[in-house]
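Contents: one structure, followed by commentary.
The values are calculated or read from the model by the stated rules, or taken from the named source; none is laboratory data. As the structure is a computational prediction, the values presented were derived from the model and not from experiment. FYI the Cβ positions are ideal-geometry reconstructions off the backbone, even for glycines, and counts take in every protein chain you see.
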């Protein structure tokens, strides 16, 4: 792969991440203001998020035409990196030191991954029709189990939905690459197209369900599971690998670890949203919503605990 296709794939992925991050903000705002998915579908903002996701998806598919899954998919982690300062800017609040450290670690990790994956030829190898069906069936089974686990779990249900959404989106990207690389007009191409749309739409709806419990934790998990699922398919079924042999593999693992650690830092406060008591909230009423005393406003507790979810939830209430 020459440097030009690599740079093009990276540039397209950056713009795609911006679209996805903005869509995530809008989806979280919509989820905070509606009681269920039916209510969200009735709001124009939700359809605005659909358009943003569609734009991000289109750019992502084009990026897959010029770069392998193991290069393009990890760059999706930039969605969370962009969402944090975007939410802070929208809410006119400072980004915390922990968030800055998380963003720095994530960017360092992605740079390491980019270094060892940005080589080789254009992605000419894609899944066979049998491989497509096998991957789709396996992914659908795992997603069904996660959705079942999410039912009736208010505390961790959002994370299960997020994991399911990440798998659906990752598989959707894998199938989209087959179309982008040059699937001819045939029944198998039509089947891949239908499955691609199905997984993409499923990922969108599952993400909406996940964001109902807040943005930080679900978005972080979704953002990690997505590239992991797609990269696993690329490495195990498409023969994708890393430069520099064992050294490159170790660097890739170190980069993935750093990026994952960065995402954890960006979303750590979301892991314990219920641990905040009324005594913690009352001394700082300026961060609470007057119109929703018993709703999502209970997550806004103070500058020392700012996190992506709370920042964006504040934006939602201001809308």
Q: For residue 181, indicate whether it is part of a helix (DSSP H, G or I), in contact with a helix residue (DSSP H, G or I) (Cβ under 7 Å, 6 or more places away or on another chain) and modelled with pLDDT under 85.
A: yes
Residue 211 - would you say it is touching a helix residue (DSSP H, G or I) at 6+ places or on another chain (Cβ under 9 Å), on the phi > 0 side of the Ramachandran plot and at pLDDT 60 or above?
no
With criteria (1) under 22 Å from the mean Cα position of the chain (by Cα); (2) modelled with pLDDT of 50 or more, residue 271 comes up short on (2)
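Restricting attention to helices (runs of 4 or more DSSP H) lying wholly within segment 16-103, give those where 3 or more residues are under 17 Å from the mean Cα position of the chain (by Cα), surrounded by 24 or more Cβ atoms within 10 Å (Cβ to Cβ) and modelled with pLDDT under 85.
Numbers: elements: 37-41, 44-66, 69-72, 78-91.
Qualifying helices (runs of 4 or more DSSP H): 69-72, 78-91.
If I go through segment 226-237 residue by residue, how many of them are in contact with a helix residue (DSSP H, G or I) (Cβ under 9 Å, 6 or more places away or on another chain) and surrounded by fewer than 20 Cβ atoms within 10 Å (Cβ to Cβ)?
The initial filter retains those residues of segment 226-237 that are in contact with a helix residue (DSSP H, G or I) (Cβ under 9 Å, 6 or more places away or on another chain), namely 226-235, 237.
Now narrow it down to the ones that are surrounded by fewer than 20 Cβ atoms within 10 Å (Cβ to Cβ): 228, 232, 235, 237.
Of the residues in segment 226-237, 4 are in contact with a helix residue (DSSP H, G or I) (Cβ under 9 Å, 6 or more places away or on another chain) and surrounded by fewer than 20 Cβ atoms within 10 Å (Cβ to Cβ).
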Within segment 134-159, of all residues that are at pLDDT below 90 and crowded, with 16+ Cβ neighbours inside 10 Å, the one farthest from the chain's Cα centre (by Cα) is 149
The condition of being surrounded by fewer than 17 Cβ atoms within 10 Å (Cβ to Cβ), closer than 30 Å to residue 67 by Cβ, touching a helix residue (DSSP H, G or I) at 6+ places or on another chain (Cβ under 6 Å) and modelled with pLDDT under 90 holds, among 115, 129, 111, only for 129
